[in-house]
1. Would you mind finding the one in VAL139, VAL229 that is touching a helix residue (DSSP H, G or I) at 6+ places or on another chain (Cβ under 7 Å), β-branched (Val, Ile, Thr) and farther than 19 Å from THR85 by Cα?
2. Which pairs have Cβ atoms under 6 Å, sit 6 or more apart or on different chains, and link a residue in region 202-213 that is in a strand (DSSP E or B) to one that is polar (S, T, N, Q)?
3. Checking ARG145 against (1) within 23 Å of GLY14 (Cβ to Cβ); (2) within 19 Å of the chain's Cα centre (by Cα); (3) open to solvent by 40 Å² or more (accessible area, probe 1.4 Å), which single condition isn't satisfied?
4. Test THR28 against the stated conditions and say whether it is buried (at least 22 other Cβ atoms within 10 Å of the Cβ), of a type in the set (Val, Ile, Thr) and closer than 22 Å to GLN119 by Cβ.
5. Looking at (1) open to solvent by 10 Å² or more (accessible area, probe 1.4 Å); (2) over 30 Å from ARG67 (Cβ atoms), which is the one condition that is false for MET123?
6. Can you name every residue in region 119-145 that is within 21 Å of PRO203 (Cα to Cα), out of contact with any strand residue (DSSP E or B) (no Cβ under 8 Å at 6 or more places or on another chain) and not hydrophobic (A, V, I, L, M, F, W, C)?
7. So which pairs qualify, if the first residue must be in region 88-102 and closer than 11 Å to MET123 by Cα, the second must be open to solvent by less than 30 Å² (accessible area, probe 1.4 Å), the Cβ gap must be under 7 Å, and the two must be at least 6 apart or on different chains?
8. Output the residue which, of all residues in region 267-298 that are in a loop (DSSP other than H, G, I, E, B) and hydrophobic (A, V, I, L, M, F, W, C), is farthest from GLU225 (Cα to Cα).
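The values are calculated or read from the model by the stated rules, or taken from the named source; none is laboratory data. Not measured: the values here are computed from a predicted model. All Cβ positions, glycine included, derive from the backbone under ideal geometry; neighbour counts span all protein chains shown. We work out accessible area using only protein heavy atoms, side chains counted, and drop any ligands, DNA or RNA first. Shrake-Rupley method; radii C 1.70, N 1.55, O 1.52, S 1.80 Å.
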Amino acid sequence: MSEIFGPVPSRRLGQSLGVNNIPPKHCTYACVYCQLGKALHFTVKRQEFYSPYALASAVQHRLETLRESNQGLDYITIVPDGEPTLDINLHTLIRELKKMGVPIAIISNGSLIWQEEVQQALMDVDWVSLKVDAVTDDVWRRVDRPHGSLVHKDILEGMQQFSKNYLENKHHKLMTESMLIEDVNNHEGEIQRMADFIATLHPTVSYISIPTRPPAESWVRAAGEESIVQAYSIYQSKIPHVEYLVGYEGNAFSNSGHSREDLLSITAVHPMREDAVQELLARNGDDFSVVEGLVNEHLITNISYNGLRYFLRNFSRHRESNEH
């Protein structure tokens, strides 16, 4: 069944088996940065797309195949090419998947979270990701381009209510993701507002993202390194655990004891202050020439912010590689 794919490696979820529970591009948003292109079916109507039992059966078959080949699996992830909560059978699908004994994850834009039935459906999911690209209404409309019937205030309040109930289970993990677009939502005031709001959700991790693949609108540009460092600094001052999510999957979990590999790994997830870099080099018995080499190779870059120097992965180079 083509609606089941993977497992694929994910920095957030390890080995993830994907479930595509709606047809392509049925969505409540028409985000300017969407790598899947423009929305084909722009809707907020929850409806039936695929049989949840057929999807669950296909997942069960894939799990049996994985077990026969001794392949591990960390999550079954509901992550369609659109908004998964448009599926009116979502609760049934989640119930059937839970029977398989593998943790369930879902990646949602959060646009329908104000609906009680959507909140109830997600209460049985182990790992939930919600999108927070803006708090100011006009910025939200510019970046996410929501369906005209959606009310931003209802969505934000719905997220807060869901978070309160969902996190009563200490085993649940709630994530947020903010996509930063140059000259749209990357100015300091909006970032401050996003950080303040996200702090009220008490997420397990809050991710800061930039577009790394061709977006729906050609004018879209990823926020620059300075904006990313500023956003990270602001988020970190209000939210306990903040990370980048910019497409680096391979070695993001590694901690090898080798300075070059460690610096590439760590700076792909969050910026490192110069003093932290010096401490890492000292622990590994290396000097600053390792950093200079990575800078000369354009693998990492450095940014000054609030009088401190930060080192981070060279996102502009990564974006260029995705455009060719």
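1. VAL139
2. SER206/THR176; ILE208/SER178
3. Result: ARG145 fails condition (1) only.
4. Against the criterion (buried (at least 22 other Cβ atoms within 10 Å of the Cβ), of a type in the set (Val, Ile, Thr) and closer than 22 Å to GLN119 by Cβ), THR28 qualifies.
5. Here MET123 clears every test but (2).
6. Correct list: GLN119, GLN120, THR136.
7. HIS91/ALA121; ILE94/ILE104; ILE94/ALA121; ILE94/VAL125
8. Top of the filtered list is PHE288.
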